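S.K.: Sharing a structure below in structure tokens format, with a few things to ask.
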Amino acid sequence: MNFYKKIFAVVAIFSLLNLYTAPAAHALSLDFGVTEGIASAILDIVSPGLEIAMEELHISGEGTEFLTELMNVTKAKNKDPQVDLYFNPTNPKVGEKITATAYASNFKDVTTDALYFTWYLKHENDADNTDWDKDGKIDMDDYKIEAMRIAANGGWSSSGTEYNGSADDDNDGVAELKNEATDGKNDKTNLPFGGLGVREPESGFRCYAKDYEDGLYYEIIPGNVSSENIPPESDNPDYGERGIYDFNVAGCEICGEGVTTATVKTCEEEYTITDTCSAMAIDNNLLWFGQRDTLLVKIPLARTPGCSVCVFCEDDTAANNGVCGVKTGEQVGEDDPGDYEGESSICTHLFPHAPHFTTGDGEFTDEEEEFWGTNPQDPDTNDDGINDEASVAGIGLDTFSWIYNKGDRVGLVVEGQSTISTKYFDGGYMVMWALPKNNFDVPGTECGLKNKQPYMVTIMDLPVTIPAANFDLEKCLKYNWVDPLDGTQPKKLDVELSYSPTNPRNNSSGKSGDLLIVNSSLVNSETNDNQIYYKWTIEQGSQLSLNNDNWTEISNDPAFRKAAGITYLEGLGLETLKMNLNLPELDDYLRITVNVEEFNQSNVAKKGNASTIIRINSGSNNGIIFKSNTSGSAICEDQTICTALNNQILTASLQGDFKNFAWLINGKAANFKQGGQDVVQGSKQGNTINFPIVGSVGDTYRISVTANNIETNESMTTERIIKIINPSMKLGVSSGASPKFRGTYTGLDGETVDDVSKNKYNSTGGDVTVVAQLNPSWMNPLPKVEWTVNGVTREETGTSITLSSSQYPTGSRVQISATADYMQSNAARKDLRTNWNVSQFSSAEVTMKDSISVTMGENPVVSQGKNKMLANIFSALPGQTIFLLRLLLTTLMFLFIPSLVLSFGRPSRS
Amino acid sequence: MLSTNINKKELFVTSAAMLACLVLFYSFPTKGSFQEIMSSLTFLFLVPILYIKLILKKNVSDFGLGMGDYKKGFLWGAISLVFVALFILLLSRFENVSKDYRDLFYVSKYFDLFVMREISFGIAFVLVDFFFRGFVMFYFQNIFQKKYFAIFLQFVMFLALLLLSGKLNWSFATQALLSLSAGIIAFNSKSILYSSFFSWISIIVIELSIMKLFFSN
């Protein structure tokens, strides 16, 4: 029993496979109808056992059904020839060489030598295109010749070359076929269809095009199929009956008054006729007349079963709902008879030909070479390993280079054998073409499969129906142009902004505020900055907000721009924005926006923008307070850069409610022992830090701190700069004298500035008080000042002395000088040595001195106007006197020396 | 080349004194216009005169400080003006002359400044003339066998001074020309009065011409 079950199962499986693979069998050139009939019979017989067999063999019904459903549509899912184009560079500049590379796929032989690559090139400017074939118009043939010339000669210059007419010295022709192949245009080409080296099948070359809507492959045939080769209707339920039908459209006043539009709709096309009753529209599928009540429609071979032809009137009332249906009209005539009986299909090479010559005929004479610009003495002018005529035919020409000009467009059509075999019982494969954009059918144009009609041939004694259509690929080339710039140019510029300092500070007093510098950088710019247009916008806001309503533009205020020192806000190459933060009023936040625009040679503007929000600190101290170890109060509060003395210990404190402090001194963590001051920090840094200032005059310290706000946890970083200075003292007069006037500077617009002396004063009457100004003013301990007046030491030791004018004669000059030594207290110096390793020798005293002179009494002759020279002389009398004295002495010596020399050897007088 | 009856020691010392005068004139430290004037007066005029009187023990009239031959003076002066005219013609051919006379541009706007300038030139010419033509040329004309060599000697010395000052421009050419013509006038007229006068006239004419050629609107 088990044995018979197994036999039964095998037969059932065989039948099952036959049934469910019927569609596949059809695709494999077995007739559909025969296979289906057999499968149906077998199914009836074996179905009971089928279930047993499937169970025995663990065959899932659902899985099998899925597979067979897939196989049903296999015939429409083949991989069609494709070609992709890549350009290098992807964004060419005018005058730059650009190379297009074609990647062909799904051909039977994708080695490039086996395919025909026909390039065509069109320039935007009509004057740059050439009527190469001299036919009076510039058309696709000229575009092909333009490209294939460049490709064949590879840029070789033919100037000065002699071409000898019909000679072919370099023997660079190409031809393979012994017999001339069928060629719709030129029957002298001896290059096989589908690629070099392809043998002509027994049934002849078969060229196909695919309908991407229904997925079928149509053999390209000329005209109509012979009536003898038309498949029977019963065998072709997909096709309607051909013929010419008369639709009686009475009641639908076509071409009558008031109604001027009627629509004829078929399964494939929809045509609208207007009041052109006398016009006759003819196309491949329809031949119809517009008469008063008669409309003749030629029924095409529609594909979809049950396709109807309907005629609709404009006023589509219920009564005039159209006349629909195939054969509704009375057939009044036969369609045009055809004569195609299944011989070789229409195959046409698309490569160009020189006028009066044929590419691929095996002869490439000098005259032909002259047309293509190739070297008559070199069989391979472009040195690509392929001879010249083969290059013109595009054999293996998968790359094409030319000098790019703005608006250039390029196209390519690749001819080769596809991987899809024909239905004929020979070694033939469908010869097909690939276009970069796969535009093989453009509705409303001549590009597309026309006059679809199957034909029937007998193959292996079986009738086989093959879909066919009229198709001219040449009409589709213009719908497959490729612009090298398509999709390659990013339109957006990536802009990034950065700014410094990181914690800018505004000083509302009008001076010493930070210089805010905002820099922009472009990531994908292709030109230099001078060709990029920048436009800056500055807005202020009181809070960090993304809502545009919370920002107010201030850059449009001329007063603001003047106060901030901003000259320009927009211009070419304006990649940096600088503004002085010395503004009387400024909110806490600035939003800086930059819009950039770049123009390149392709005249495509690339734009980009970026914004940044900057927190602005106000005040001088950025929140950090300094105290010196010698001064109990805060120091340099109003100074942007805090000046401090060498060998000083400072305490920095951060104002505000913060936690989690991280102090840095010159970028390094201040994790050293907090010596000196007794500051309890525990195991972490606090809001206060002590540190010594040790270095040379001019050195700077950058004190920065990062902390978190106690309430919001927001991180904040701020910093201050300390600069080491020498302690110094400058004498001045607070009352009783004024600086000596030296002259006046006159500016270009007439404003005058007085030039006064810094160390010469003239008494204005009364007592003169001289003060010593110490720098830094918080110097502690205050040094004792030793005053000297006219060489005599005074008793006062303070920072000022008073001179009584009565003690000095009028006009006399009093010399006042002061000396002071600054040194820190011993305790501070000991602290420096003990805790900060600063030797006491380094913290020794520093001497400060200065001197001035005061001329007592009335002012001497003021050097103004006409008495300027006299005043100059008298005021500088001592200097001039010394000069004259020097001159006199030189003169005397000058006379003395020669006299002495000449006196030697002179005879003495007796 | 040199005369036979010369005192070589005197020649050596005098030559050294001349060079010393020039060096001191060029490099004596001065500050301000007053000191510069005093320095020029001293080393170009006073010191040579004192040297002539006290060291050489000669009469200053032998060194050009006299009336001399006025006929020859005016004759050679007139001839020099012809060369000045040719020089002006030459200047007019060159476009870049104006850049060496930029101060003339400002002077051309103010007549009083022009007068002051030319007066100061006159005074300066007297000093320079006395030193180069009076002191140097008249001394050396008694040294050389061919006396006119002294003209070229003072010319070369003057050129050397100009070169040291680095003034290689059209102004330099003007002064070189005047130096040569003044030497010829002084040599023939035996007086620096005529050479100074005609040098002064020449410089006025030249500067007026430059102002007319290049700075007139």
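S.K.: Would you kindly state how much longer the chain becomes between A:Glu637 and A:Thr576 on full extension, computed as 0.36 nm times their sequence separation minus their alpha carbon distance, in nm to one decimal?
M.R.: Length gained, A:Glu637 through A:Thr576: 18.8 nm.
S.K.: Which pairs in the list B:Lys72/B:Lys147; A:Lys134/A:Lys437; A:Lys134/A:Lys452 are over 24 Å apart, alpha-carbon to alpha-carbon?
M.R.: Distance filter (> 24 Å) returns A:Lys134/A:Lys437; A:Lys134/A:Lys452.
S.K.: While we're looking at this one, here's another question. Measure nothing fancy, just the Cα-based angle from helix B:170-189's long axis to the longest principal axis of chain B, in degrees from 0 to 90, nearest 10.
M.R.: 40 degrees
S.K.: Right, another one. Helix B:8-27 versus the longest principal axis of chain B: what is the Cα-based angle in degrees, 0 to 90, to the nearest 10?
M.R.: So the inclination is approximately 30 degrees.
S.K.: To continue, here is another question. If R₀ is 56 angstrom, what is the calculated FRET efficiency for the pair A:Tyr163 and B:Arg93, using the beta carbon separation as r and rounding to 0.05?
M.R.: Rounded to the nearest 0.05, the efficiency is 0.40.
S.K.: Give the peptides A:167-176, A:383-392, B:82-91 in descending order of average Cβ contacts within 10 Å, highest first.
M.R.: A:383-392, A:167-176, B:82-91
S.K.: I would also like to ask the following. Most exposed first by the Cβ proxy, i.e. fewest other Cβ within 10 Å, how do A:Val838, B:Val136 rank?
M.R.: Listing A:Val838, B:Val136 from fewest to most nearby Cβ atoms yields A:Val838, B:Val136.
S.K.: What distance in nm separates the simple spin-label points at A:Asp472 and A:Ser804, each placed 7 Å from Cα in the Cβ direction?
M.R.: Distance between label points: 12.7 nm.
S.K.: Which entries in the list A:Lys562/A:Lys723; A:Lys760/B:Lys31; A:Lys93/A:Lys137; B:Lys8/B:Lys71 go over 26 Å, if you measure between the two C-alpha atoms of each?
M.R.: Flagged as over cut-off: A:Lys562/A:Lys723; A:Lys93/A:Lys137; B:Lys8/B:Lys71.
S.K.: Going by C-beta contacts inside 10 Å, put B:Thr42, A:Thr764 in order with the fewest on the left.
M.R.: Listing B:Thr42, A:Thr764 from fewest to most nearby Cβ atoms yields A:Thr764, B:Thr42.
S.K.: Based on the Cβ-Cβ distance from A:Glu202 to A:Lys406, what FRET efficiency comes out when R0 is 41 Å, to the nearest 0.05?
M.R.: Calculated value: 0.20.
S.K.: Skipping prolines and chain starts, which residues have an amide H placed within reach, meaning under 5 Å, of the one on A:Thr855, given they are 5 or more residues away or on another chain?
M.R.: The answer is A:Tyr761, A:Asn762, A:Ser763, A:Val814.
S.K.: To continue, here is another question. Return the long-range amide H neighbours of A:Glu786 (sequence gap of 5 or more, or a different chain), with a cut-off of under 5 Å between placed amide H atoms.
M.R.: It is A:Thr819, A:Ala820, by chain and number.
S.K.: Return the average number of partner chain Cβ atoms within 10 angstrom of each residue Cβ along peptide A:399-410.
M.R.: So the per-residue partner count for this stretch is 0.
S.K.: Please average, across the residues of A:887-898, the number of beta carbons from any other chain that are within 10 Å of each residue's own beta carbon, and give a whole number.
M.R.: The shielding value for this peptide is 5.
S.K.: OK, next. Taking θ = phi - 60°, what integer Hz values does the Karplus form 6.51 cos²θ - 1.76 cosθ + 1.60 yield along the stretch A:699-711, in sequence order, with x for Gly and Pro?
M.R.: 5, 10, 10, 10, 9, 10, 9, 10, 8, 10, 5, 5, 7
S.K.: Just to check I understand the Karplus step: with θ = phi - 60° and J = 6.51 cos²θ - 1.76 cosθ + 1.60, what whole-Hz values come out for the stretch A:396-410, glycine and proline as x?
M.R.: Whole-Hz 3J(HN,Hα) from phi for the stretch A:396-410: x, 8, 7, 10, 9, 10, 8, 8, 6, 10, 4, x, 4, 10, 10.
S.K.: Once the Cβ-Cβ distance between A:Lys79 and A:Asn519 is put in as r, and R0 is 51 Å, what FRET efficiency do you end up with, to the nearest 0.05?
M.R.: Efficiency, from the Cβ-Cβ distance: 0.45.
S.K.: Peptide B:35-46: average number of partner chain Cβ atoms within 10 Å per residue?
M.R.: Neighbouring Cβ atoms belonging to other protein chains average 2 per residue here.
S.K.: Follow-up. Starting from the Cα-Cα distance between A:Asn88 and A:Thr552, subtract it from 0.36 nm times their residue separation and give me the gain in nm to one decimal.
M.R.: Difference between extended and current length: 162.4 nm.
S.K.: Still on this structure, please answer the following. Can you sort A:Arg833, A:Arg591 from fewest to most other Cβ atoms within 10 Å of each residue's own Cβ?
M.R.: Least to most surrounded, the residues fall as A:Arg833, A:Arg591.
S.K.: Now for a different question. My understanding is that a pair violates if its Cα-Cα distance is over 18 Å; which of A:Lys144/A:Lys478; A:Lys122/A:Lys406; A:Lys758/A:Lys784 do that in this structure?
M.R.: A:Lys758/A:Lys784
S.K.: Still on this model: So, in nm, how far is label A:Ala669 from label A:Ser735 when the simple model puts each one 7 Å beyond its Cα toward the Cβ?
M.R.: 5.8 nm
Bear in mind these aren't lab numbers, they're just calculated from the coordinates by the rules spelled out. Note that the coordinates shown come from a computational prediction; the quantities given were computed from them, not determined experimentally. No Cβ is skipped: glycine too gets one built from the backbone with ideal geometry, and neighbour counts run over all protein chains shown.
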